[in-house]
Each structure stands twice: as structure tokens, then as C-alpha cells.
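Q: First the structure, which I've put down as C-alpha cells, then a few questions once you've had a look.
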Amino acid sequence: MPLTKIVLEESELPSHWYNVIADLPNPPAPYLGPDGQPVTAEQMTQIFAPDLVEQEVSTQRWIEIPQEVREILRLWRPTPLFRAHRLEAALNTPAKIYYKYEGVSPAGSHKPNSAVAQAYYNKIAGIRRLTTETGAGQWGSALSLAGSMFGLEVRVYMVKISYEQKPFRRSMMETWGAEVLASPTTLTHSGRQILSQDPHNPGSLGIAISEAVEEAASRKDTNYTLGSVLNHVLLHQTVIGQEARQQLKKVGDYPDVIFAPCGGGSNVGGMMFPFLADKAAGQAIRLVAVEPTSCPTLTRGHYAYDHGDSAGLTPLMKMYTLGHDFMPPSIHAGGLRYHGDSALVSQLYHEGILEAQAVPQLATFKAGILFSKAEGIIPAPESNHAIQAVIAEAEHCRVTGESKTILFTLSGHGHFDMTAYDKYLSGQLTDQDYPEEALQAALHNLPKWVAK
Ligand SMILES: *Cc1c(COP(=O)(O)O)cnc(C)c1O
């Protein structure tokens, strides 16, 4: 009987992160400052720890994971790789389906992989406080956990609508000792400006980022942290793909195709980058990022320089974007609502090395429920996007009779997002395509002076 759970020893936890920048066919486009010039390391260290700034632009292929970080990762890593025997049977497919389960971390997602590293580097830089933003609460929880482990104060600007709808995520962050504020707040200039125009603004990730960046920039003892998008975050997530590659090797298998849900791109990069060298060496492997049709950043966005936040405080990054003033449709419950995407993922997609698919939300919840009935785990709504794409691929294999090997990231569990499932089960959700007019309008709001 083939294995159900493929596990590694603690000693097999990767010792290094893999830096894909060393192997890119073309160098990444630089981040640009308000003057249109590339941002300097000096400018970035005003809000980021120096080691993280160094990693952001490093071209070194392997970067050692500090002992202190490995010791904490070892609480839940290596994570298990599952063979989805019961899902395969339910789909009656000849395909082999494997999933890498990141929901075993204390916060319930892959995000602590980077939160622990970011807290560590800030601690050794003498920083006392961290600020950040969170939408559904996954990143805020991860950073609260990591901050508590290194004795750092954490302040989380949580998108107001989620603050109200997901009270237990706030309880988790507070249990780990963090302070959680409903964004927009009256504490920052960015927040006050939004509230003066619209006192009932429900908040967005872009607004919460502006608040967290503004605070970090104004205090010497405080730095800002981001849970996705940036190169160093994707770097920290490469433990996922390195472990998965090793686990598949143990059972003598190799993926024909890998799927991962895509918000800012951190679990896509973390899972897929360690397989890119094989692809470059001629291995036939497809790498597919899956996003919602209501926030179709890669599949329909513009590849251009844009800000990472709504107030325009962050540097400009060349990425696929729906425009930094994007407000997600309120009907969308499945996460993955950021207007932009990792510059590295965007570049690899632009160059045809990664693929992308967009899936409608009703199909993602249907897929997640089918998965939970077969495999037991209730997936995070974000992860359901990948599951929907996996099921479609496995059903295609049933038609063609191909026995493909499919791998995906089960990026988290859904235990603190059951309101999203409630909404689906009670018929409150609908599918929504992102309107073409909004895409065209976003084009007009992109910074015009920067090099295309
Ligand atoms: C945050 C999150 C995502 C999306 O973020 P990426 O940076 O694109 O990985 C996906 N799944 C879960 C469970 C998350 O918490």
C-alpha cells in the first residue's frame, strides 16, 4: 500500500533558503522611489531590518537559515506531504494527487515561515516594535506568534470589515500579546484622511499597509513587516518546495504539474521556485498559480510599475496590478484580495515560465467541501482556489486516461474562516467577474512618469 503521509525527520529541515534571483533568465526590475530613481538600501532600512534589505536584493543562490529560526520552525516543520488517496478515489481519476500541508503551523498557514525569520532579523537589529497589516488575519496571527517568541511588541492594522467579521482571529493575535486596531484608524495621517472623506470606510489591505508603513517610518524603535509580495518573503517560503521535492523523491515520484493559490505570491514562490532549476534543465513540469476571477491580478491585470499601498507611500514595483486604489468586491469571501503580486512571480509569468488560472468563488467552495469530505481537512478559502484547479486537472485525466502526478500547496486550514463557509452554505455568495471598465480605469491611475 503506498504511503498516505510522507514525513521527513527534523534533521531533514532545509538548512538554506533558495534564492531564485540567482537563476533568473533576466535580472529583476529595480524598485523605484518617488523621484523615479531606484530605491537605495539606506531608504529601505528606514522601515526594514538590514538583513532583510540585503536578502531583498541578494543574488546569492543559497542563504543559510539562522539556527534561532530553525529551532522555532522545528516546532511544526518539516510539514507532512499527503497522498490524497481518498480524493483520487472520490474523483475516480488515474491521476496521483499530493498536497503539502502548511496548516500544521501554530497559526494555521504557511505565513509563520516568514514571520519567524522577519521577527528574528528585527530583534538582532535592536528593533523593539513591529507594525503590519492584515486582511483576513492570517499574516497578523503569524507575526503576533513570531513577535511573542522574540519578545517584540506587535501592532496589527486589521482591515475593519475583517476585524468585525472574524473576531477569533483578533483573539488569537491578542492571545499572543499583539495589539490589534481596526483600520482605517485615527492614529495615522493616512487613516484620518480616508475617514474624513468616508467615516464608514470598511478598510482595505492597501489602506492598512499605508497606516503600518507610516507609523514605522515615524519611529526609530519600530519597523514594518509584510507577509507576502517582497522577495525576502518568497525566499523564506522556499522551505515548502525544498521539502516537497525531497518527500516526493522518497516515494520515487516527481510532479507533472504544481498548483498553488496566489494572493501576493508567497506560497506560489515558496513551493515552485525550488523546482525551477529542473524546468530550466529541460524537465517537463507545469507551474500554475491560481487566483480568483473577482481579483484577477495575473490573468487580467496590467504589467506596470505601481505602488504597493493605496496612499502611495511604498516604492513602485514592476508587477501585475489592478491599480493601487483597488477595492475588492464586498461579495468576495475567498481571500486573495491584494491588488498587486510579487515582482518575481509577475516576471516569471510575463516570461512564460509560470502559468496562471482564475477560478470563480462558488466553484472554489464546492471544491473545498468535496476535499474536506474526502480528506477530512477543512481548507482555508484561499487554498480552495488551488483545489478547484487540481480537481479540474484530475477530472481531465479521467477523460484522457493519463496518470499524471499533481502536487499542490494546501496553504492553510479554514478553522477561523468558517463565516466564509457559512456564507457559501447559506447561498449568500455569487460569482463575480472583475469589470472591464474598472481595469481600464486602473490604467489611468497608474503612475505615468515611470519607465514602462
Ligand atoms: C495569505 C494566504 C494565502 C495567499 O498569500 P500568498 O502570499 O499568495 O501565499 C494563501 N493561503 C493562505 C492560507 C494564506 O493565509
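Q: What is the log10 of I(q)/I(0) for region 181-244, computed with the Debye formula using one identical point scatterer on each Cα and no solvent, at q = 0.15, 0.16, 0.27, 0.29 Å⁻¹?
A: At q = 0.15, 0.16, 0.27, 0.29 Å⁻¹ the computed log10 ratios are -0.58, -0.63, -1.10, -1.18.
Q: Rounding to the nearest 10 and keeping the result within 0 to 90°, find how far the Cα-based axis of helix 381-400 lies from the longest principal axis of the chain.
A: Once rounded, one gets 30 degrees.
Q: Please report, for the Cα atoms of region 373-452, the Rg to one decimal and the Dmax as a whole number; what are they, in angstrom?
A: Gyration radius and largest Cα-Cα distance of region 373-452: 18.6, 53 Å.
Q: If one takes the longest principal axis of the Cα atoms in the chain, at what angle in degrees, from 0 to 90 and to the nearest 10, does the Cα axis of helix 266-280 lie?
A: Result, in degrees: 60.
Q: Would you mind classifying region 249-341 by shape? Square roots of the alpha carbon gyration tensor eigenvalues, ordered a ≥ b ≥ c; an a/c under 1.5 is rounded, otherwise it is prolate if a/b is larger than b/c and oblate if not.
A: Because a/c hits 1.5 or more and a/b exceeds b/c, region 249-341 counts as prolate.
Q: Tell me the Kirkwood radius of region 11-129: reciprocal of the mean inverse pair distance over distinct alpha-carbon atoms, in Å.
A: Mean inverse Cα-Cα distance, inverted, gives 17.4 Å.
Q: Oh, and also: Taking N as the number of residues in region 112-183, what is its alpha-carbon radius of gyration divided by 2.2 N^0.38 Å? The partial results should precede the final answer.
A: Values: Rg = 11.3 Å, N = 72, 2.2 N^0.38 = 11.2 Å.
Normalised Rg, Cα atoms only: 1.01.
Q: Considering only DSSP states other than H, G, I, E and B, which chymotrypsin sites (Phe, Trp or Tyr not before Pro) in region 1-52 qualify as loop sites with at most 13 other Cβ atoms within 10 Å? Don't skip to the end; give the middle numbers.
A: Values: sites: 17, 18, 31, 48; in loops: 31, 48.
Answer by residue number: there is no such site.
Q: Compute the angle between helix 239-250 and the longest alpha-carbon principal axis of the chain, please, reported from 0 to 90 degrees and rounded to the nearest 10.
A: 10
Q: Loop only by DSSP, 16 or fewer other Cβ within 10 Å of the Cβ. Give me the trypsin sites (Lys or Arg not before Pro) in region 15-83 that pass, ordered by residue number. Don't jump to the answer; show the numbers that get you there.
A: Details: sites: 61, 70, 74, 83; in loops: 61, 74.
Passing both the DSSP loop test and the Cβ count: 61, 74.
Q: Run lengths n ≥ 4 of DSSP H only: what is the helix-derived mean residue ellipticity at 222 nm for the chain, with -39500 (n - 2.57) per run over all residues, to the nearest 500?
A: -12000 deg cm²/dmol
Q: Report the equivalent ellipsoid semi-axes for region 9-75 in whole Å, largest first, defined as the square roots of five times the eigenvalues of the gyration tensor built from alpha carbon atoms.
A: Gyration-tensor ellipsoid for region 9-75: 29, 16, 7 Å.
Q: Expressed in whole Å with the largest first, what are the equivalent ellipsoid semi-axes of the chain derived from the C-alpha gyration tensor as the square root of 5 times each eigenvalue?
A: 31, 25, 22
Q: log10 I(q)/I(0), Debye, Cα-only region 273-387, no solvent, q = 0.15, 0.18 Å⁻¹?
A: One equal scatterer on each Cα of region 273-387 leads to -0.75, -0.98.
Q: Express as a percent, rounded to the nearest 5, the fraction of DSSP beta bridges in the chain (both residues included) that run antiparallel. Write out the running numbers ahead of the final one.
A: Numbers: 18 of 51 bridges.
Around 35 percent of the beta bridges assigned by DSSP in the chain are antiparallel ones.
Q: In whole Hz, with x marking every Gly and Pro, tabulate ³J(HN,Hα) for region 176-181 from phi via Karplus 6.51 cos²θ - 1.76 cosθ + 1.60, θ = phi - 60°.
A: 7, x, 7, 9, 10, 10
Q: Take the cross-link list 5/123; 100/373; 166/220; 111/366; 5/111 and give me the ones stretching past 27 Å between alpha-carbons.
A: 5/123; 166/220, as the Cα separations exceed 27 Å there.
Q: Residue by residue, what Karplus-based ³J(HN,Hα) values in Hz, rounded to whole numbers, does region 256-265 have, using 6.51, -1.76 and 1.60 with θ = phi - 60° and x for Gly and Pro?
A: Using θ = phi - 60°, the values come out as 7, 8, 10, 10, 8, x, 10, x, x, x Hz.
Q: Determine the gain in length on full extension of the stretch residue 250-residue 9; use 0.36 nm per residue of separation and subtract their C-alpha separation, reporting nm with one decimal.
A: Numbers: separation 241, 0.36 × 241 = 86.76 nm, distance 1.21 nm.
So the extension gain works out to 85.5 nm.
Q: I need the phi-derived Karplus couplings for region 196-202: 6.51 cos²θ - 1.76 cosθ + 1.60, θ = phi - 60°, integer Hz, Gly and Pro marked x.
A: Once rounded to whole Hz, the list reads 5, 7, 8, x, 9, 4, x.
Q: Find the Rg to Rh ratio for region 343-418, where Rh is the Kirkwood radius over alpha-carbon pairs and Rg uses the same atoms.
A: With Rg and the Kirkwood Rh in hand, the quotient comes to 1.02.
Q: Apply the Kirkwood formula to region 98-219: the hydrodynamic radius equals the inverse of the mean of 1/r over all pairs of different alpha-carbon atoms; give it in Å with one decimal.
A: 14.6
Q: Just to confirm a number: summing +1 for Lys and Arg and -1 for Asp and Glu over residues other than residue 215 whose beta-carbon lies under 14 angstrom from that of residue 215, what do you get?
A: -1
Each reported figure results from applying straightforward, stated rules to the coordinates on display, with no laboratory input. Computed from a predicted model, the values in this text were never measured in an experiment. Note that we place each Cβ from the backbone using ideal geometry, even for glycine, and neighbour counts take in every protein chain shown.
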